[in-house]
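The structure appears below as structure tokens.
The values are calculated or read from the model by the stated rules, or taken from the named source; none is laboratory data. The model shown is predicted, which means the values in this text are computed figures rather than measured ones. Virtual Cβ from ideal backbone geometry, glycine too; neighbours counted across all protein chains shown. The accessibility values were calculated without ligands, DNA or RNA, using every heavy atom of the protein model including side chains. Shrake-Rupley method; radii C 1.70, N 1.55, O 1.52, S 1.80 Å.
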Amino acid sequence: EITRKSKLSSDIYEIYFRSESIAKAAKPGQFINVYVNDSSKLLPRPISICEVTGDEIRLDFRVVGAGTGELATYEVGDKISVTGPVGNGYDVDYINNNFKHIVLFGGGIGIPPMLQLAKELSAAGRKPSVFLGYRDSHLFLKEDFEKYSKVYVATEDGSIGTKGNVLTALSESGLQPSVMMACGPMMMLRAIKQEASERAIPAYISLEEHMACGIGACLGCVCRTTKKDEHSQVHNARICTEGPVFLAEEVEI
């Protein structure tokens, strides 16, 4: 049952629902498969977990088609069917214990899944630096991130913060990260992978892809990898199960 709902911008919405089992199992970077009530839309909509508070799950999503369009019409008290948490997320304990300067990047609708990561790193005594990239001055979730981290903003139109992208903002900040983690458009992830390579540091990136089943059965969301899959013996991995979070150097994007 939807417990809260709000509209963050012209096409971005958020909903909350309660699930003790999902809340206990969820890790930053994982996602939820949401099934809308229209029976003609059989496939689930994968939506990243934005935040977990107690037994309440927060999902932020952009309306991009009929499925998310229907989801945006639901109100508090309406019921939805979900499966999750799904996928391979960020390893907070490993990151916390092995790296000194932690930098997170979020771009567009890739911003929401980075919030729970910032929250858990902060709870572990680490305050990451967060770079958020927006199209314009609608800075959704910025204030939420500021509870857990130092936030730097980049906007494409230059209306707020750095004019440009998140890497432009990183350059202006003078920070020297020892690890980078990111979610956002593919062009941004490619640039972060290149930046990490030039700095000789690891980058963990969350890939966004159209999915069908969302549980690893259909092979509809594979990406090219540098290593062979131990079962299929081909250079592919399923984003919905082996991902969405990968070490950047291990995927070809």
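In this structure, does Ala154 turn out to be part of a helix (DSSP H, G or I) and buried (at least 19 other Cβ atoms within 10 Å of the Cβ)?
no
Here is a check on your reading of the model: is Ile80 open to solvent by less than 50 Å² (accessible area, probe 1.4 Å) and farther than 29 Å from Tyr204 by Cβ?
The answer is yes for Ile80.
Assigned to a strand (DSSP E or B), within 27 Å of Thr68 (Cα to Cα) and either among the β-branched types (Val, Ile, Thr) or touching a residue at least 40 places away in the same chain (Cβ under 8 Å) (or both) - does that describe any residue in segment 182-193?
In the first step, residues of segment 182-193 are kept if they are assigned to a strand (DSSP E or B); the result is 182-183.
Still in the running and within 27 Å of Thr68 (Cα to Cα): 182-183.
Checking which are either among the β-branched types (Val, Ile, Thr) or touching a residue at least 40 places away in the same chain (Cβ under 8 Å) (or both) leaves us with 182-183.
Looking through segment 182-193, at least one residue is assigned to a strand (DSSP E or B), within 27 Å of Thr68 (Cα to Cα) and either among the β-branched types (Val, Ile, Thr) or touching a residue at least 40 places away in the same chain (Cβ under 8 Å) (or both).
Take the residues in segment 68-85 that are β-branched (Val, Ile, Thr) and outside any strand (DSSP E or B); name whichever of them is farthest from Pro28 (Cα to Cα).
Within segment 68-85, the match that is farthest from Pro28 (Cα to Cα) is Thr73.
Considering only segment 1-67, give the strands (runs of 3 or more DSSP E) lying wholly within it that have at least 1 residues that are more than 20 Å from Ile111 (Cβ to Cβ).
Because the criterion is at least 1 residues that are more than 20 Å from Ile111 (Cβ to Cβ), the strands (runs of 3 or more DSSP E) in segment 1-67 that meet it are 2-7, 12-18, 31-35.
Do we have Ser149 as of a type outside the set (Asp, Glu) and surrounded by fewer than 18 Cβ atoms within 10 Å (Cβ to Cβ) here?
So Ser149 fails the test.
Can you go through Ser9, Ser39, Ser21 and tell me which one is closer than 27 Å to Ala182 by Cα, among the small types (Gly, Ala, Ser) and open to solvent by 30 Å² or more (accessible area, probe 1.4 Å)?
Within the list Ser9, Ser39, Ser21, the selection yields Ser21.
Go through segment 164-210 and give me each residue that's open to solvent by 80 Å² or more (accessible area, probe 1.4 Å) and of a type in the set (Lys, Arg).
Listed by number, the list holds a single entry, Arg190.
Determine which member of the set Glu70, Glu14, Glu56 is farther than 27 Å from Ala182 by Cβ, touching a residue at least 12 places away in the same chain (Cβ under 8 Å) and among the charged types (D, E, K, R).
Only one candidate passes the filter, namely Glu70.
Scan segment 134-153 and report the pairs whose first residue is closer than 15 Å to Gly110 by Cβ and free of Cβ contacts under 8 Å to residues at least 12 places away in the same chain and whose second residue is open to solvent by less than 30 Å² (accessible area, probe 1.4 Å) and outside any loop (DSSP other than H, G, I, E, B), with Cβ atoms within less than 8 Å and a gap of 6+ or a chain change.
Lys142/Leu132; Lys142/Val151; Lys142/Val153
Taking Ala118 as meeting all but one of (1) in a helix (DSSP H, G or I); (2) more than 23 Å from Arg62 (Cα to Cα); (3) in contact (Cβ under 8 Å) with a residue 24 or more places away in the chain, write down the number of the exception.
If we test Ala118 against (1) in a helix (DSSP H, G or I); (2) more than 23 Å from Arg62 (Cα to Cα); (3) in contact (Cβ under 8 Å) with a residue 24 or more places away in the chain, just (2) comes out false.
Going through segment 20-53 one residue at a time, which ones are in contact (Cβ under 8 Å) with a residue 60 or more places away in the chain, farther than 21 Å from Phe145 by Cβ and touching a strand residue (DSSP E or B) at 6+ places or on another chain (Cβ under 6 Å)?
Across segment 20-53, the qualifying residues are Ile22, Ala25, Asn33, Pro44, Pro46.
In segment 133-146, how many are open to solvent by 60 Å² or more (accessible area, probe 1.4 Å) and at pLDDT 95 or above?
Number satisfying all stated conditions: 2.
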